[in-house]
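K.L.:
To start, I am sharing the structure in question, which I have written as C-alpha cells.
The values are calculated or read from the model by the stated rules, or taken from the named source; none is laboratory data. Every value quoted in this text rests on a predicted model; they were computed, and no experiment measured them. Cβ placement follows ideal geometry from the backbone for every residue including glycine, while neighbour counts extend to all protein chains displayed.
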Ligand SMILES: [Zn+2]
C-alpha cells in the first residue's frame, strides 16, 4: 500500500477517535448536569426516588414565611403545584409568626442528584429546617442544630430544656394538616416524643413517618398531582397515628438486630450452597423499560437551553 494513503488512513482514524472517545456513542447528560428545565407545563414522571420532572418552575428564593438556602446547588426547581403549595405554607406559617428555611427541592429536570439525596426526583419533595438562626448567610449556612441527641437517641436538651418546642410542633402540624401532603419524614425519636407527649389532637401524627436522620430538618412529600398520569405514588400509610412498635424500626438496637440476622442468614445460605451447589440458571432477560423510564430518558435528550419567554394573553 502507498505510504501517503496509509498516513491519510491514520489521520482519519484519529479524527474518528477524537469525535467518539473510547469508540463509544456520546453519552447523554446526567440529570445533575442540567441548568435549565424543559419547556411546557410541570409534570412529575416516575417515582419519588426513580423519576424526573418536566416543565419545572424556579422557586423564588424568598417569599412570605420562607427563604431558600444554598441556592448555588441549583436545587430550587420544582413542580408548579409544589411551588404554589410552598408559597401557601409560608403564608400559613407567617400568620402564626413563623418563618422557615427551605433546603433542597429538585433539580431543573428532577432526577438523581449528585450526592446524598436519592429522592426529590419528581418535584414533589422538599426539605425544611427546624431551626432558623437569627443571623446567617443563606449560601454558607452550616447545618442548624439537631433536635435529637444522636448518641443516646433521646430528645436533645440545652440548659435543662428540650430543644424541641412549640415552634417545631407548629411547623410539622401545619404541613401535616394540608391535604396535598402525602407524608413527612422525621427522626423516629421526634415522632416518639410527639406520641408520648401529645394527649389530644393527634390524628395528624398519621402522616409523620419515623425515619433515620431528619433531626435538624424534616422532609415533606406531596401526593402525585391527579393530572400527572405517569407519576408513581407510594402505597398509603396504614391507618392510625403510627404510635406503635413500628416507631422504633430505625432505632440503634433495632438496626443492630437486623444486621445480626442478615449476617446469620447469609452465612446459612453460603453453607447450604457449599453442600448443595445449585444448577446454573440461564441469564435473566433485562425487563423492558417502563413508560416513565422512557419518558425520563427522552427528557435527557432535550437541549439544555434557557426557556423561551411564553407570551401571556
Ligand atoms: Zn429530603
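K.L.:
Being surrounded by 11 or more Cβ atoms within 10 Å (Cβ to Cβ) and part of a helix (DSSP H, G or I), is that true of even one residue in segment 235-245?
P.N.:
No, because not a single residue in segment 235-245 is surrounded by 11 or more Cβ atoms within 10 Å (Cβ to Cβ) and part of a helix (DSSP H, G or I).
K.L.:
Among the listed residues 74, 117, 168, 79, which satisfies the condition of being in contact with a strand residue (DSSP E or B) (Cβ under 9 Å, 6 or more places away or on another chain) and modelled with pLDDT under 95?
P.N.:
117
K.L.:
Given the structure, is residue 119 assigned to a loop (DSSP other than H, G, I, E, B), within 24 Å of residue 237 (Cα to Cα), touching a residue at least 40 places away in the same chain (Cβ under 8 Å) and within 16 Å of the ligand (Cβ to nearest atom)?
P.N.:
Spelling it out, residue 119 is indeed assigned to a loop (DSSP other than H, G, I, E, B), within 24 Å of residue 237 (Cα to Cα), touching a residue at least 40 places away in the same chain (Cβ under 8 Å) and within 16 Å of the ligand (Cβ to nearest atom).
K.L.:
Return yes or no: is residue 60 at pLDDT 95 or above, more than 16 Å from the ligand (Cβ to nearest atom), crowded, with 21+ Cβ neighbours inside 10 Å and more than 24 Å from residue 215 (Cβ to Cβ)?
P.N.:
In short, no.
K.L.:
Please verify whether segment 206-223 includes one or more residues that are over 21 Å from residue 157 (Cβ atoms), within 16 Å of the ligand (Cβ to nearest atom), assigned to a helix (DSSP H, G or I) and at pLDDT 95 or above.
P.N.:
Yes, the conditions are met somewhere in segment 206-223.
K.L.:
What number of residues in segment 191-205 are touching a helix residue (DSSP H, G or I) at 6+ places or on another chain (Cβ under 8 Å) and either assigned to a helix (DSSP H, G or I) or closer than 28 Å to residue 83 by Cβ (or both)?
P.N.:
The number of residues fulfilling the criteria is 6.
K.L.:
Give just the number: which of (1) within 16 Å of the ligand (Cβ to nearest atom); (2) within 22 Å of residue 101 (Cβ to Cβ); (3) assigned to a loop (DSSP other than H, G, I, E, B) does residue 186 not satisfy?
P.N.:
(3)
K.L.:
Any chance you could count how many residues in segment 90-111 are part of a helix (DSSP H, G or I) and touching a strand residue (DSSP E or B) at 6+ places or on another chain (Cβ under 7 Å)?
P.N.:
Looking only at that region, the number is 2.
K.L.:
Would you point out the residue of segment 157-174, among those that are away from the ligand (no atom under 16 Å from the Cβ) and touching a residue at least 40 places away in the same chain (Cβ under 8 Å), that is nearest to residue 49 (Cα to Cα)?
P.N.:
174
K.L.:
Right, next: I'm told residue 153 meets every condition in (1) farther than 28 Å from residue 42 by Cα; (2) surrounded by fewer than 21 Cβ atoms within 10 Å (Cβ to Cβ); (3) within 16 Å of the ligand (Cβ to nearest atom) except one. Can you identify the failing condition by its number?
P.N.:
All conditions are met except number (3).
K.L.:
If you don't mind, another one. Give all pairs with beta carbons closer than 8 Å in which a residue from segment 231-248 that is farther than 26 Å from residue 44 by Cα meets a residue that is in a loop (DSSP other than H, G, I, E, B); count only pairs at least 6 apart in sequence or on separate chains.
P.N.:
241/202; 243/202
K.L.:
Could you please find all residues in segment 99-111 being more than 9 Å from the ligand (Cβ to nearest atom) and crowded, with 18+ Cβ neighbours inside 10 Å?
P.N.:
Of everything in segment 99-111, those that are more than 9 Å from the ligand (Cβ to nearest atom) and crowded, with 18+ Cβ neighbours inside 10 Å turn out to be 100, 101, 102, 105, 106, 107, 108, 109, 110, 111.
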